[in-house]
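Read through the structure below, which is laid out as structure tokens, and then see the notes.
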Amino acid sequence: MAEQRSTPNRRDVVRAHPLREALLDLIDRDGTTTSTIAARELGESTGSCSFHLRRLEALGVIEAVPGAAGRVKPWRRMRVEQATLNRELEDTAYASWLTAKTSDDEDFAFSEVVTLADGELAELRARLHRVLRDFVGSEPRSDAATPTAVIIRAFPLREEQ
């Protein structure tokens, strides 16, 4: 019998390479990075960092920051289009879950308005990524383990809000 091969998902492709994961950690920490900065921070060559940044772009995980001048090419996490698609998928999945929810199903939601100084939103993002990383890719703790959506949104409030 022929062995079936599944197509790897985006998260598996990223996690399969430690430099790609390190590059994403760097972007999550600082908001953006270039291959030169990444090479210096990670002790890698600029060519290797540049190659893996382009691979992450091809996977739809990051994008070049628009309007960068000269040879400097800063990269950031994917923005508007991907975020909109993710929210639509999250909303649809949550509505479906609510429809099928039983009294035994567990969930929680919370929100908090906090005051953050410049740079603290990026720090908050990096901390939350570290917490979630402990669960992402870990072996299920029991046979009853279930994929669970974790949705975190943080954004500055405008004066009129």
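Values in this text are rule-based calculations from the coordinates and carry no lab data. Please read all numbers here as calculations on a predicted model, not as lab measurements. As a convention, Cβ positions derive from the backbone with ideal geometry for all residues, glycine included, and neighbour counts pool all protein chains shown.
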For SER35, SER111, SER48, order by how many other beta-carbon atoms lie within 10 Å, fewest first: SER111, SER48, SER35
Values of log10 I(q)/I(0), in the order q = 0.17, 0.20, 0.29 Å⁻¹, for region 14-63 under a Debye, Cα-only, solvent-free model: -0.39, -0.56, -1.24
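State the extension gain, in nm to one decimal, for the chain segment bounded by ARG29 and ASP143, taking 0.36 nm per residue of separation less the distance between their alpha-carbons.
Stretched fully, the ARG29-ASP143 segment lengthens by 37.6 nm.
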Residue-span extension gain [ARG153 to VAL136] - 0.36 nm each, minus C-alpha spacing: 4.3 nm
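Counting only C-alpha contacts under 8 Å and six or more residues apart, can you give the relative contact order of region 10-77 as a whole percent? Mind dumping the intermediate values first?
Working: 72 pairs, mean separation 22.3, N = 68.
The value is 33 percent.
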Residue exposure sequence - LEU157, LEU53 - by fewest surrounding Cβ within 10 Å: LEU157, LEU53
Additional length obtainable on full extension of the chain from ARG71 to SER45, 0.36 nm per residue less Cα span: 7.7 nm
Spin-label pair ALA109/ALA126, simplified geometry with 7 Å Cα→Cβ offset, distance in nm: 3.1 nm
Footprinting exposure proxy for HIS52, HIS129 (fewest neighbouring C-beta atoms within 10 Å first): HIS129, HIS52
